[in-house]
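A short reminder: the numbers here are calculations on the coordinates, not readings from a lab. Note that the structure is a prediction, hence the values are computed from the model and not measured. Here the Cβ positions follow ideal geometry from the backbone for every residue, glycine too, while neighbour counts run over all protein chains shown.
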Amino acid sequence: MESDFINILNELMCDEEPDLPTRLNWQETALNDLRCTDRALGKWFENDSVLYVLSAFRLSDRDFASVFPKLKTLSSNQREQIVHAFEDHIEHCPRCFRKRSYDLEFEARLESTLNENRDFLLKKLSHEDADKPSDEEHMKNGKTRSAYQ
Ligand SMILES: [Zn+2]
């Protein structure tokens, strides 16, 4: 279900901007030409967007542990220090600096596609939910039921 939704989003984004795949490819090539100055930090941004990683490190302890279970022993202080190290690195590393600007650009594009197609997408989502209740609904129902027992 989730991947269907992402496919629909992708299609919408490409409809709005037919040269998007070409641009993304071009950005990927441009990034590959740049060298990260500190791979220990930069590797975090290889598969996820810079914005995603930074906001994940700022989550509450519990939410952070669910995103990065292997790192759940990090205290919020330690995570704050890592975020500072990330930010410092991004300012000084040509590759990660560029990656962040591409990520920002993509996120802005995604947001405008979401906004422009809000009704259509909401309909799509609620239609899919009708077939199969989401996990969240399962949990809500479960909680309601046990509250009455
Ligand atoms: Zn870097």
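Things to note:
- Exposure proxy ranking for S126, S55, based on other Cβ atoms within 10 angstrom of each Cβ and starting from the fewest, stands as S126, S55.
- Estimated FRET transfer efficiency (E17, S101; beta-carbon r; R0 25 Å; 0.05): 0.90
- Inter-label distance, L59 to K72: 1.2 nm, where each label sits 7 Å from its Cα along the C-beta direction.
- Paramagnetic reach from D38 (point 7 Å along Cα→Cβ, amide N under 13 Å) across the range 77-121: 81-94, 96-97
- Note on the range 2-116: with charges restricted to the Cβ of Lys and Arg (+1) and Asp and Glu (-1), its dipole about the Cα centre is near 820 debye.
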